[in-house]
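Report on the structure given below.
The values are calculated or read from the model by the stated rules, or taken from the named source; none is laboratory data. Here the structure is a predicted model, which is why all the values come from computation and not from measurement. Here the Cβ positions follow ideal geometry from the backbone for every residue, glycine too, while neighbour counts run over all protein chains shown. We work out accessible area using only protein heavy atoms, side chains counted, and drop any ligands, DNA or RNA first. Shrake-Rupley method; radii C 1.70, N 1.55, O 1.52, S 1.80 Å.
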Amino acid sequence: MKKNKENLEKLIKGRTKINPPGLKYFLDVIIPEYYPRMRKSISTIDFADRVFSEFVRLTYVREDGMVQCCTCKKRFHRTVIQNGHYKKRSAYKYRFSMDNCHPQCETCNVFLSGNYREYYLFMVDKYGEEKERSIREDNTTKKLLDYDLIEDCVNRHGFIKEKKQRLIDNQSIAEY
C-alpha cells in the first residue's frame, strides 16, 4: 500500500501546479480509510466518489441510523443505502451536486436502473418542475480538476467524521 500511495502522490503532484490545501490529509487519512487495500490504478475521482457517496447518505440519515430511499420510500440502514444520481454520473457538472444526488436502495438504483419514473416524481416534488427540467436538459460540460476534488474530499470528510460520531453517541445512549 505504501508504494501505491507514493505513486498516487507523485501522480497528483505531477498533474497540479499548485498542491491543494489538505493534500497531506487526503493522502494520509482519507485514502487509507476508503481504500485500505489500495488497487494499482485508482484515480482521484474514485476517492471523490466514495467520499461524496458517504456524504450524501449521512446528510439524509436519521438519528436511528436509517435512511429513506427517495424513489420507493422504504427505509434502510445507512450502510446499505446507495447514492443515486438523477442525471447520470457521466455528466460531470452534476456528478457531485446535492441537487442531483439522493439516497436510493440497491433495488431502485441498480436493478431498476435508477427507477427514473419515481425519481422524476421525487425531483418535481422536492425542487419543482422548472428546476427538474433545467437539470435534466442541461448538457453543458465541466472539467473536474484533481485540485478541486481533493479540496472537496477534505472538506466533506470533516462532516462525515462528525456525523458518524453523533450516530455512535446516539446509539450508545439508546442502549442504556
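Annotations
- Positions within the stretch 34-51 being among the charged types (D, E, K, R) and modelled with pLDDT of 80 or more, in sequence order: 46, 49, 50
- Among the residues of the stretch 46-75, those identified as touching a residue at least 60 places away in the same chain (Cβ under 8 Å) and hydrophobic (A, V, I, L, M, F, W, C) are 47, 48, 51, 52, 55, 58, 61.
- Residue match in the stretch 7-28 (condition: under 18 Å from residue 96 (Cα atoms), open to solvent by 20 Å² or more (accessible area, probe 1.4 Å), part of a helix (DSSP H, G or I) and modelled with pLDDT of 80 or more): no
- Residue match in the stretch 45-64 (condition: touching a His at 6+ places or on another chain (Cβ under 9 Å), over 16 Å from residue 164 (Cβ atoms) and not aliphatic (A, V, I, L, M)): no
- Complete set of residues in the stretch 107-135 that are assigned to a helix (DSSP H, G or I), out of contact with any strand residue (DSSP E or B) (no Cβ under 9 Å at 6 or more places or on another chain) and surrounded by fewer than 13 Cβ atoms within 10 Å (Cβ to Cβ): 111, 117, 125, 129, 130, 134
- Among the residues of the stretch 43-73, those identified as part of a loop (DSSP other than H, G, I, E, B) and either crowded, with 19+ Cβ neighbours inside 10 Å or among the acidic types (Asp, Glu) (or both) are 61, 63, 64, 69, 70, 71.
- Of all the residues in the stretch 74-97, those that are open to solvent by 60 Å² or more (accessible area, probe 1.4 Å) and either among the hydrophobic types (A, V, I, L, M, F, W, C) or at pLDDT 95 or above (or both) number 3.
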